[in-house]
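**Q** So that we are looking at the same thing, I have put the structure below in structure tokens.
The values are calculated or read from the model by the stated rules, or taken from the named source; none is laboratory data. Bear in mind the structure is a predicted one, so any value in this text is a computation, not a measurement. When we count neighbours, we look across all protein chains shown, and the Cβ atoms used for this are built from the backbone with ideal geometry, even at glycine. For accessibility, only protein heavy atoms count, side chains too; no ligands or nucleic acids. Shrake-Rupley method; radii C 1.70, N 1.55, O 1.52, S 1.80 Å.
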Amino acid sequence: MKEIIPLILKNLVQNLGKPLYLTGGMVRNKIMGASTGEDFDIAAPVRLGELADAVRLTDGLKLKCVYPRTNTARLTDGEHIFEFSSFRKETYAEGGAHTPRSV
């Protein structure tokens, strides 16, 4: 099977010292044999401050945007986009609203 995880994510894991999970559409597409694209959804049991510290230690990786309300961030190595989410619990308003009421 072709390797799809960029080396920079492996380096980030080393600097985090905690597991990092590849999630979302890329995983689904790989399982289905479809094109995986170049955007990665990743998740870890860390807060944004811990992520920022690990990114600073990871050569070539940059923190582009941070969204404290949802504990998410966007990272890039100049070639790939990485959408990061901290493990979290969300609650939604009745009626299926898309935006969480609380995180």
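**Q** Looking only at strands (runs of 3 or more DSSP E) that lie completely in region 17-103, which have at least 3 residues being open to solvent by 40 Å² or more (accessible area, probe 1.4 Å) and modelled with pLDDT under 95?
**A** Numbers: elements: 21-23, 39-44, 62-67, 72-76, 81-86.
Answer list for region 17-103: 21-23.
**Q** Still on this structure, I have one more. Being out of contact with any His (no Cβ under 6 Å at 6 or more places or on another chain), of a type in the set (A, V, I, L, M, F, W, C) and touching a residue at least 12 places away in the same chain (Cβ under 8 Å) is true for just one of Ala97, Ala73. Which residue is that?
**A** Working: Ala97 fails: touching a residue at least 12 places away in the same chain (Cβ under 8 Å).
None of the others qualify; the one that does is Ala73.
**Q** If you scan region 54-70, which residues turn out to be touching a residue at least 24 places away in the same chain (Cβ under 8 Å) and farther than 14 Å from Asn11 by Cβ? Write out each step before concluding.
**A** So in region 54-70, the residues touching a residue at least 24 places away in the same chain (Cβ under 8 Å) come out as 54-55, 57-61, 69-70.
Of everything in region 54-70, those that are touching a residue at least 24 places away in the same chain (Cβ under 8 Å) and farther than 14 Å from Asn11 by Cβ turn out to be Arg69, Thr70.
**Q** When you scan region 2-11, do you find a residue that is touching a Pro at 6+ places or on another chain (Cβ under 9 Å) and open to solvent by less than 90 Å² (accessible area, probe 1.4 Å), even just one? Step through it out loud before you land on a result.
**A** Narrowing region 2-11 to residues touching a Pro at 6+ places or on another chain (Cβ under 9 Å): none.
There is no residue in region 2-11 that is touching a Pro at 6+ places or on another chain (Cβ under 9 Å) and open to solvent by less than 90 Å² (accessible area, probe 1.4 Å).
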